[in-house]
1. Can you pull out every residue in the stretch 29-85 that is outside any loop (DSSP other than H, G, I, E, B) and at pLDDT below 80?
2. Can you pull out the residues in the stretch 97-119 that are outside any helix (DSSP H, G or I) and among the basic types (Lys, Arg)?
3. So is Gly247 crowded, with 19+ Cβ neighbours inside 10 Å, farther than 30 Å from Ala97 by Cβ and at pLDDT below 90 or not?
4. I'm trying to understand the selection: among the residues of the stretch 72-84, which are hydroxyl-bearing (Ser, Thr, Tyr) and surrounded by fewer than 20 Cβ atoms within 10 Å (Cβ to Cβ)?
5. Which of (1) under 30 Å from Ala200 (Cα atoms); (2) hydrophobic (A, V, I, L, M, F, W, C); (3) surrounded by 10 or more Cβ atoms within 10 Å (Cβ to Cβ) does Leu104 not meet, given it meets every other one?
6. Find the helices (runs of 4 or more DSSP H) located wholly in the stretch 120-222 whose residues include 1 or more that are surrounded by 19 or more Cβ atoms within 10 Å (Cβ to Cβ) and either at pLDDT 90 or above or touching a Cys at 6+ places or on another chain (Cβ under 9 Å) (or both), and list them.
7. Does the stretch 216-236 contain at least one residue that is without any contact (Cβ under 8 Å) to a residue 24 or more places away in the chain, aliphatic (A, V, I, L, M) and more than 25 Å from Val80 (Cβ to Cβ)?
8. Within the stretch 9-28, is there a residue that is touching a residue at least 12 places away in the same chain (Cβ under 8 Å) and either more than 18 Å from Leu248 (Cα to Cα) or touching a helix residue (DSSP H, G or I) at 6+ places or on another chain (Cβ under 7 Å) (or both)?
Amino acid sequence: MQASRNKKICVYLGAALLALVIATPVLWLFIMSISSSTHLTTLPLQWWPDEPTFENYRSLLIYAENTPSQSFLYGIRNSVIIALAATGVSIAAAIPAAYSFSRLPGKRRKNLLYAVIAIFMLPPVAIVLPMYTIMNALGLLNTHFALIIVYCSILLPFTTWLLKSNFDTIPSDLDEAPIIDGANRVQAIWYVILPIARPALGAAVMMAVLLAWDEFFYGLLFTNDIRAKTITVAIADLAAGRVADYGLISAAGILAAVPPVVLAFFMQKTLVSGLASGSVKG
């Protein structure tokens, strides 16, 4: 009894310590975002500004030409479009691919699956040169379409592996029964497999959106126009001048984190159940 209680105390203490480690940088980022430039350069450093201000947030959220708000708001718009489009294309392609890897017989499919996962494990710099050459030849640089295609090369292997792991836990008899009754393979997947795999599907969608939203390397290399730059690149541009406005950069970081945090908050149960459902084969 005492050992179990001590174990729970250790678990809670560990969780509290982890939460503190994660929350402290975010809290400091918020404090910087409501501080004036004078306060941020004052020594000794103060943990809370004497006169908190939300001017940095207003500067970013109120649109004006040739100001940081223009680049920031374009970045938000571009990231939303690119992340949703790349996620939609990746999920649409990952569903039949994952089903094929899970159900179709043959030893070669396992090797092919390993090849798909290996693509996901490659560092971005390893494949950026051929991608850039192709996009440049097709005139697709500085377009949403280019980043959507490039992001799909990141998201598709991951979502395929995640959905395949979940499909493996679903007995094949469940999708074979409607086929015997006259349904085709697509109908069996749509009406039988996907409803059962809804948690994993939700987790795949959420992880794909987050991966696309946070991506920086390809966005930096394939875009130099504010009409195509993603939010991560737009924030980096705020620090590119001779004198960086750390309060403005902090406010941009806080605002850019809001959509992923909101998405994770509302889909946390789906994420946990979706990731756990593929961990044990039933």
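The values are calculated or read from the model by the stated rules, or taken from the named source; none is laboratory data. Predicted model, so just to flag it, every value in this text is computed and none were measured. When we count neighbours, we look across all protein chains shown, and the Cβ atoms used for this are built from the backbone with ideal geometry, even at glycine.
1. Keep residues of the stretch 29-85 that are outside any loop (DSSP other than H, G, I, E, B), which gives 29-33, 37-40, 55-61, 68-85.
Matches in the stretch 29-85: Ser37, Thr38, His39, Leu40.
2. Taking the stretch 97-119 as the starting set, the residues that turn out to be outside any helix (DSSP H, G or I) are 104-107.
The answer is Lys107, and nothing else.
3. Working: crowded, with 19+ Cβ neighbours inside 10 Å: yes; farther than 30 Å from Ala97 by Cβ: yes; at pLDDT below 90: yes.
For Gly247, the condition - crowded, with 19+ Cβ neighbours inside 10 Å, farther than 30 Å from Ala97 by Cβ and at pLDDT below 90 - is met.
4. Quick first cut of the stretch 72-84, residues hydroxyl-bearing (Ser, Thr, Tyr) only: 74, 79.
Within the stretch 72-84, just Tyr74 meets the criteria.
5. Every condition holds for Leu104 apart from (3).
6. Values: elements: 124-137, 144-167, 172-180, 185-188, 198-214, 217-222.
Those helices (runs of 4 or more DSSP H) span 124-137, 144-167, 198-214, 217-222.
7. We begin by selecting, within the stretch 216-236, every residue without any contact (Cβ under 8 Å) to a residue 24 or more places away in the chain; these are 216, 220, 236.
Next, only the ones that are aliphatic (A, V, I, L, M) stay: 220, 236.
Right, trim to more than 25 Å from Val80 (Cβ to Cβ) and you get none.
No - not one qualifying residue is present in the stretch 216-236.
8. So in the stretch 9-28, the residues touching a residue at least 12 places away in the same chain (Cβ under 8 Å) come out as 26.
Those left that are additionally either more than 18 Å from Leu248 (Cα to Cα) or touching a helix residue (DSSP H, G or I) at 6+ places or on another chain (Cβ under 7 Å) (or both): none.
No, every residue in the stretch 9-28 fails to be touching a residue at least 12 places away in the same chain (Cβ under 8 Å) and either more than 18 Å from Leu248 (Cα to Cα) or touching a helix residue (DSSP H, G or I) at 6+ places or on another chain (Cβ under 7 Å) (or both).
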